[in-house]
């Protein structure tokens, strides 16, 4: 019997692509690959999870993250929405959007753990922050899962950190070049 499969699209939101914390060209360059993976999984009737980094002013100001990053992905703003054509998939019945206020999404890992899904593919931004944290969290919550991180579907504004993060993820996941 084959494992149920899903795709996780990590934080492919306007603020992370070309907004206040935008990756810039590296994130723009992966859009068609991310869309292709989404369509591939929806055509196969797999669940597609979108993580949505979500912040509100009073809570964010008191967070540790606020000392490193300006307020971003404010709920219901343009910057909070998925970027470009990816936004069109938000209302698709096969897509489940999960809001998160931290780098890793415990609810995502918990949903995967409670389901028959044991084959997880990951794309998104920033490779060295939220993609990395979510891959580690899924691995630690669902250690029997097969995890594939697509290098061509991930981006970071820092090419060296992108590469280093992919190298580190190879210790528990398959990195597909």
A correct fewest-to-most ranking of 161, 169 by other Cβ atoms within 10 Å would be 161, 169
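Which percent, to the nearest 5, of DSSP beta bridges fully inside the chain are antiparallel?
Of all bridge pairs located within the chain, approximately 5 percent are antiparallel.
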Going fewest to most other Cβ atoms within 10 Å around each Cβ, 117, 98, 112, 138 line up as 98, 117, 112, 138
Scoring the stretch 4-176 by relative contact order with C-alpha pairs under 8 Å, at least six apart, yields a percentage of 29 percent
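So if R0 is 22 Å, what FRET efficiency would residue 113 and residue 18 give, r being the distance between their Cβ atoms, rounded to the nearest 0.05?
Details: r = 34 Å, r/R0 = 1.54.
About 0.05, to the nearest 0.05.
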Rounded to the nearest Å, the spacing of the alpha-carbon centers of the stretch 22-60 and the stretch 117-177 is 14 Å
Shape call for the stretch 76-174, from the Cα gyration tensor axes a ≥ b ≥ c (a/c under 1.5 means rounded, otherwise prolate when a/b beats b/c, else oblate), comes out oblate
In the list [x] 43; [y] 48; [z] 63, the entry giving percent of Cα pairs over 21 Å apart computed from the coordinates is [x]
A correct fewest-to-most ranking of 115, 68 by other Cβ atoms within 10 Å would be 68, 115
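Once every DSSP H run of n ≥ 4 in the chain is given -39500 (n - 2.57) and the sum is divided by its residues, what mean residue ellipticity at 222 nm do you get, rounded to the nearest 500 deg cm²/dmol? All intermediate terms of the calculation are to be shown ahead of the outcome.
Working: 7 runs with 57 residues, N = 177.
Calculated at 222 nm, the ellipticity per residue is -8500 deg cm²/dmol.
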Taking the alpha-carbon centre of each part, the distance from the stretch 2-20 to the stretch 82-104 in Å is 7 Å
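FYI, it's all coordinate maths here, none of it is from the lab. Note that the structure is a prediction, hence the values are computed from the model and not measured. Note: ideal-geometry Cβ built from the backbone for every residue, glycine included; neighbour counts use all protein chains shown.
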